[in-house]
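Each value in this text was obtained by applying a stated rule to the coordinates, not by laboratory testing. Computed from a prediction, not measured in an experiment: that's the story for all the values here. Here the Cβ positions follow ideal geometry from the backbone for every residue, glycine too, while neighbour counts run over all protein chains shown.
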Amino acid sequence: MNTTFERDLESKGFIDTPIDPTIDIVTEIQRLKKEKNAVILAHYYQEPEIQDIADYIGDSLGLSQQAALTDADVIVFAGVHFMAETAKILSPSKKVLLPDLKAGCSLSDSCPPHLFAKFKKQYPDHLVITYVNCTAELKALSDIVCTSSNAVQIVQSLPSNQKIIFGPDKNLGEYVKKKTGRDMVLWNGACMVHEIFSQDKIIDLRKQFPDAKFIAHPECEDHILNQADYIGSTSGMLKYTIENSAQQFIVATESGILHQMQKASPMKTFIPAPPNNTCACNDCPHMKLNTLEKLYNCLYFELPEVTLTEGIVERARQPIERMLEISARFGL
Ligand code: 13P
Ligand code: SF4
């Protein structure tokens with residue numbers, strides 16, 4: 001471990017080289033993007049300034065579709081590690097960069113592949129559907145991947161007698177079970193951001209804003225989803241706020257999505273659903289590790305890069321491609 005870069009990547013997860021204070025970072029990122037034929041894909045949970053510089057902003061399904069389609073040489077993934085891995089699996093010949101390698105995911109961490117492999121062995125006649133919020137290694141153990149946009153349709157596309165294991169998100173799993181009437185074996189995983197919402201505080205807030213619609217992501221717990229006027233992925237929620245005539249929305253998901261909601265409907269009011277304590281817990285600490293400065297350094301130095309072994313790429317690719325095929329069939 002010799003160079004400053006290597007030391008930074010090892011200890012911090014990002015390149016920490018100071019940036020010339022006289023440059024305009026946004027202009028420089030645009031210039032570097034052209035020079036390197038790079039594309040910036042950003043998830044809705046990123047900081048507003050990152051969303052504003054992205055070539056494409058979307059939910060996990062949209063981002064995977066873009067990663068599979070892009071003709072750029074370099075993909076800068078402004079999101080978390082499993083998303084960059086998915087992009088690498090779908091476009092293995094491209095360089096995939098993540099501004100901060102330590103941008104992980106509590107949900108993905110809740111399902112270590114070696115334990116899941118043991119779990120899977122208990123149900124040899126079951127098909128394995130995994131939510132995209134998991135490691136490439138876990139995807140390689142799966143039959144079909146899904147996102148919150150297509151989980152219901154993917155389960156519905158299977159024969160009704162097909163036995164299913166669903167992981168790692170138990171809340172999304174319960175939601176899909178309810179929507180499809182299918183009995184699935186669930187892995188006991190969850191997202192730290194979506195399990196923090198307070199039912200009592202949401203009830204109080206709805207009394208304060210009786211005309212507001214309450215919208216929630218299916219990673220939320222059942223008692224939160226039971227109160228919702230709409231349940232869907234981040235892009236589904238955004239679409240609902242645009243199309244619905246209500247003027248106020250209480251939003252139960254990571255706070256980053258409010259930026260696009262407010263941009264699309266400047267006259268409407270968006271209220272983040274309150275967590276059950278006083279911290280800013282509906283900010284995902286992993287997503288928020290990425291900053292404009294880290295993005296600039298990442299594009300400039302083309303580091304940190306997300307790499308995977310050929311074996312994992314090969315085994316993880318098929319379940320993701322199955323998801324994309326089924327989604328296309330449903331027009332998603
Ligand atoms: P979607 O954007 O696909 O709804 O996923 C939300 C999420 O938790 C990403 O980490
Ligand atoms: Fe993972 Fe939850 Fe953060 Fe999404 S919001 S990246 S599921 S920890």
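So how strong a dipole does the range 232-332 carry about its Cα centre when Lys and Arg Cβ are +1 and Asp and Glu Cβ are -1, to the nearest 20 debye?
Dipole size: approximately 380 debye.
What are the aspartates and glutamates whose alpha-carbon lies under 14 Å from the alpha-carbon of LYS268, with same-chain residues fewer than 8 places away excluded?
ASP211, GLU243
Springs between alpha-carbon atoms under 10 Å, Gaussian network over the chain: tell me which of ALA78, ALA42, ALA246 tops the mean-square fluctuations.
In the Gaussian network model the winner is ALA246.
Please figure out what share of the DSSP beta bridges in the chain is antiparallel and state it in percent, rounded to the nearest 5.
Beta bridges within the chain, antiparallel portion: roughly 5 percent.
At most 16 other Cβ atoms within 10 Å and a DSSP loop assignment: could you name the trypsin sites (Lys or Arg not before Pro) in the range 66-103 that fit?
LYS102
Among ILE154, THR309, GLY189, whose Cα lies farthest out toward the positive end of the dipole of the chain, if unit charges sit on the beta carbon of Lys, Arg (+1) and Asp, Glu (-1)?
Checked the options; the winner is ILE154.
So, in nm, how far is label PHE301 from label GLU6 when the simple model puts each one 7 Å beyond its Cα toward the Cβ?
About 1.3 nm, to one decimal.
Apply the Karplus curve 6.51 cos²θ - 1.76 cosθ + 1.60, θ = phi - 60°, to the phi angles in the range 68-77 and return the couplings in whole Hz, x for Gly and Pro.
Each residue of the range 68-77 in turn: 6, 8, 4, 9, 5, 8, 10, 10, 9, 9 Hz.
Can you compute 3J(HN,Hα) from phi for each residue in the range 316-328, using the Karplus curve 6.51 cos²θ - 1.76 cosθ + 1.60 with θ = phi - 60°, rounded to whole Hz and x for Gly and Pro?
Whole-Hz 3J(HN,Hα) from phi for the range 316-328: 7, 5, 4, x, 6, 5, 4, 4, 5, 5, 5, 4, 4.
Is the range 49-99 best put as rounded, prolate or oblate by its Cα gyration tensor, with a ≥ b ≥ c the root eigenvalues, rounded for a/c under 1.5, and otherwise prolate when a/b is larger than b/c, oblate when not?
Numbers: a/c = 1.41, a/b = 1.37, b/c = 1.03.
Rounded is the answer for the range 49-99, as its axis ratio a/c remains below 1.5.
Using alpha carbons only, how many angstrom separate the centre of the range 219-272 from the centre of the range 145-211?
First find each Cα centre; the distance between them is then 16 Å.
Spelling out what I want: for every residue of the range 231-247, take phi, set θ = phi - 60°, compute 6.51 cos²θ - 1.76 cosθ + 1.60 (Karplus), and round to whole Hz; glycine and proline get x.
After applying 6.51 cos²θ - 1.76 cosθ + 1.60, I find 10, x, 5, 4, 6, x, 5, 4, 4, 4, 5, 6, 7, 7, 7, 4, 9 Hz.
If the reach is capped at under 16 angstrom between alpha carbons, list the lysines near LYS102, excluding any in the same chain fewer than eight residues apart.
Leaving aside lysines fewer than 8 places away in the same chain, those within reach of LYS102 are LYS12, LYS288, LYS294.
Taking the Cα centre of the chain as origin, work out the dipole magnitude from +1 charges on Lys and Arg Cβ and -1 charges on Asp and Glu Cβ, in debye rounded to 20. Display every interim value, and only then the final one.
On the way: 33 positive and 42 negative charges, 199 e Å.
The calculation lands at about 960 debye.
Among GLY13, ALA54, PRO168, which residue has its Cα positioned farthest towards the positive end of the charge dipole of the chain, with +1 placed on the Cβ of Lys and Arg, -1 on the Cβ of Asp and Glu, and the dipole taken about the Cα centre?
PRO168
Determine the dipole magnitude for the range 98-243: charges of +1 sit on the beta-carbon of Lys and Arg, -1 on that of Asp and Glu, nothing else is charged, the reference point is the Cα centre, and the result goes in debye to the nearest 20.
Dipole about the Cα centre, nearest 20: 320 debye.
Given a Förster radius of 35 Å and the C-beta distance between ASN226 and SER157 as r, what FRET efficiency does 1/(1 + (r/R0)^6) yield to the nearest 0.05?
Efficiency, from the Cβ-Cβ distance: 0.85.
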